[in-house]
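The values are calculated or read from the model by the stated rules, or taken from the named source; none is laboratory data. Worth saying up front: this structure is predicted, and the values here are computed from it rather than measured. Neighbour counts run over all protein chains shown; Cβ positions are idealised from the backbone, glycine included. Heavy atoms of the whole protein, side chains included, go into the accessibility calculation; ligands, DNA and RNA do not. Shrake-Rupley method; radii C 1.70, N 1.55, O 1.52, S 1.80 Å.
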Amino acid sequence: DAKTTQPPSMDCAEGRAANLPCNHSTISGNEYVYWYRQIHSQGPQYIIHGLKNNETNEMASLIITEDRKSSTLILPHATLRDTAVYYCIVSQTNAGKSTFGDGTTLTVKP
Amino acid sequence: GAVVSQHPSWVICKSGTSVKIECRSLDFQATTMFWYRQFPKQSLMLMATSNEGSKATYEQGVEKDKFLINHASLTLSTLTVTSAHPEDSSFYICSALLRGGLALSSYNEQFFGPGTRLTVL
């Protein structure tokens, strides 16, 4: 699986959009970009995934650059409950298993 | 959605004893499950892939004789930490693979359990 690089930490004001970047410059053509988050002492929670098109669901939006070497997860209106470690992972869909990097610790402040 | 449970949610045991952790897919069948370990302030580390009806595949550096994995049914995988020592204290997380995902697509979705906190005294 391709390696990802994320900033170790970010802060965001409550109610504002949180934009979390991820670099995956060695991604291959059949690898998807997945985002998970982990709230303290819980299992990871799936957020969103994409291949090359931008994606949006009820939780977030995923913007993937045209060359697919980087992506951004957008939480449109961050709340205090969005404080968590966010992991960007690239993986072949059929493989299933995920290699987690260090992630970004997002702290939403009032 | 698809739910994965783990039991127990936390366990404390004495050094030298064995501990079994269960991972269940509650509303779907999972031929493949994964076991991860997470130390404090670190990321998740994949330990092994558990396949129903066959031997588990362990990642490099994980002792298969110490971490016994059994996937005897399509909804249950167990991880047994044998002769546990304090350095085995960690947060153990399982995940289950739903082939085709919730939308029955070509995409496989992975659902994680809530984790089990193991403390070895």
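Quick rundown of the values:
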quantity	calculated
Residue-by-residue Karplus 3J(HN,Hα) for region A:8-25, coefficients 6.51, -1.76, 1.60, Hz, glycine and proline x	x, 8, 8, 10, 8, 7, 4, x, 8, 7, 9, 10, 10, x, 8, 9, 9, 5
Eligible lysines near A:K69 by straight Cα distance, threshold 23 Å, same-chain separation 8 or greater	A:K3, A:K52, A:K97
Loss of accessible area when B meets A, both sides summed, Å² nearest 100, probe 1.4 Å	1500 Å²
Choice from B:G61, B:G53, B:G100 with maximal GNM fluctuation in chain B (Cα, 10 Å cutoff)	B:G61
Where Rh is the Kirkwood radius over Cα pairs, Rg/Rh for the protein assembly as shown	0.97
Over chain B, relative contact order from alpha-carbon pairs under 8 Å, at least 6 apart, %	35 percent
GNM top mover of B:E109, B:E63, B:E52 - chain B, alpha-carbon springs below 10 Å	B:E63
Cysteines in the protein assembly as shown that, by Cβ-Cβ distance, have no pairing candidate under 4.7 Å	A:C12, B:C13
Accessible area (Å², 1.4 Å probe, nearest 10) - A:K52	130 Å²
Contact order relative to length of region A:1-47, as percent, for alpha carbon pairs under 8 angstrom and 6 or more apart	33 percent
Whole-Hz couplings from phi, Karplus 6.51/-1.76/1.60, listed for region B:64-69; x for Gly and Pro	5, 7, 8, 10, 7, 10
Taking all pairs of distinct alpha-carbon atoms in chain B, Kirkwood radius in angstrom	14.4 Å
Heavy-atom accessible area per residue - the protein assembly as shown, 1.4 Å, Å²	50 Å²
Evaluated over chain A, the Cα radius of gyration and Dmax, each in Å	13.1, 41
22 Å Cα-Cα reach of A:K109 towards lysines, excluding residues that sit fewer than 8 places from it in its own chain	B:K41
Long-range amide H partners of A:E14 with built H, under 5 Å	A:K109
Sulfur and carbon atoms: percent of accessible area, region B:36-111 [1.4 Å]	54 percent
GNM result for chain A, Cα springs below 10 Å: residue of A:S91, A:S41, A:S61 fluctuating most strongly	A:S41
Ratio of the Cα radius of gyration of region A:33-96 to 2.2 N^0.38 Å, where N counts its residues	1.13
Net charge contributed by nearby residues that have their C-beta within less than 12 Å of B:Y92 (K/R +1, D/E -1)	+1
Average Cα contact separation per residue, chain A, under 8 Å, 6 or more apart, as relative contact order %	37 percent
